[in-house]
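Taking it in order: structure first as structure tokens, then the write-up.
The values are calculated or read from the model by the stated rules, or taken from the named source; none is laboratory data. Quick caveat: nothing in here was measured; it's all calculated off a predicted structure. Here the Cβ positions follow ideal geometry from the backbone for every residue, glycine too, while neighbour counts run over all protein chains shown. The accessibility values were calculated without ligands, DNA or RNA, using every heavy atom of the protein model including side chains. Shrake-Rupley method; radii C 1.70, N 1.55, O 1.52, S 1.80 Å.
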Amino acid sequence: MEIESGNTSKATQDETLLIRYILDGHTEQFRLLADRYAGQVLRMVARLIPSPEEAEEAAQDALLNAFLSLCRFDARQASFRTWLMRIAYHTALKHYRQRQKSPPFVEVNQHRFDSIPDDETDNLLNETAADRVALMERAIGMLKPEDQMLLSFYYFDNRPIREISGIMEHEEGYLRSRLQWIRKRMATIIKNFENNEEK
């Protein structure tokens, strides 16, 4: 059985049929799904796990977890892609926590946090100068892994909030407010860096 190419609805129907086929005992056909999504899974976990070898291991674990959990997939609740990315997200977090220390804690002055207007936050985070980009990368590294992934999904992958909600298993409203909070925290951390470097 082959997955036919075509529009999204057709591809979804084909995947649903293929999943039934796999669950009926043709387990070797899971490689068709794995081949289709392996690159996306690897790119996603690599954002949190920079070591290529560890990212590859996490991606393989995610695909294995998906295979072992395939009987629990429900096409009425999410597309296979979203369901698989949810498994990959949780697998990446698990690998990250097993191998990494917690991100360094940066104390943020609450008054400064509250006093940064939205337009200043936008200006800080939209800056393309090399030194500001370097500070932004440092600031991202100081976020919780869940917050790093939320930024990646929304800004780098351009995923809609609805899909991110399905992957991260949070309400859409929470994710929108969390994105605003993350942006402001990053702006505050960047200003802290700049103020410390000026001293």
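Scan the range 28-41 and tell me whether some residue there is modelled with pLDDT of 90 or more, within 17 Å of the chain's Cα centre (by Cα) and open to solvent by 90 Å² or more (accessible area, probe 1.4 Å). No.
Listed by position, the helices (runs of 4 or more DSSP H) inside the range 75-130 whose residues that are modelled with pLDDT of 65 or more and open to solvent by less than 70 Å² (accessible area, probe 1.4 Å) number at least 3 are 80-99, 118-126.
Within the range 26-74, the set of residues being of a type in the set (S, T, N, Q) and part of a helix (DSSP H, G or I) comprises 27, 29, 40, 60, 65.
Checking the range 168-181 against the condition returns no match, with no residue being at pLDDT below 90, at negative phi, among the charged types (D, E, K, R) and part of a helix (DSSP H, G or I). A count restricted to the range 58-74 and to residues that are of a type in the set (Asp, Glu) and surrounded by 16 or more Cβ atoms within 10 Å (Cβ to Cβ) stands at 1.
When the criteria are applied in full, residue 47 meets the requirement of being open to solvent by 80 Å² or more (accessible area, probe 1.4 Å), modelled with pLDDT under 95 and in contact with a helix residue (DSSP H, G or I) (Cβ under 8 Å, 6 or more places away or on another chain).
The one condition from (1) more than 21 Å from residue 46 (Cβ to Cβ); (2) touching a residue at least 60 places away in the same chain (Cβ under 8 Å); (3) open to solvent by 60 Å² or more (accessible area, probe 1.4 Å) that residue 162 does not meet is (2). Filter the range 182-199 for residues that are part of a helix (DSSP H, G or I) and loosely packed, with under 12 Cβ neighbours inside 10 Å; which is modelled with the lowest pLDDT? Ranking the qualifying residues of the range 182-199, first place goes to 198. Of all residues in the range 140-157, those that are on the phi < 0 side of the Ramachandran plot and open to solvent by less than 50 Å² (accessible area, probe 1.4 Å) have Cβ atoms under 6 Å from Cβ atoms of residues that are charged (D, E, K, R) and in a helix (DSSP H, G or I), 6 or more apart or on another chain, in 152/47.
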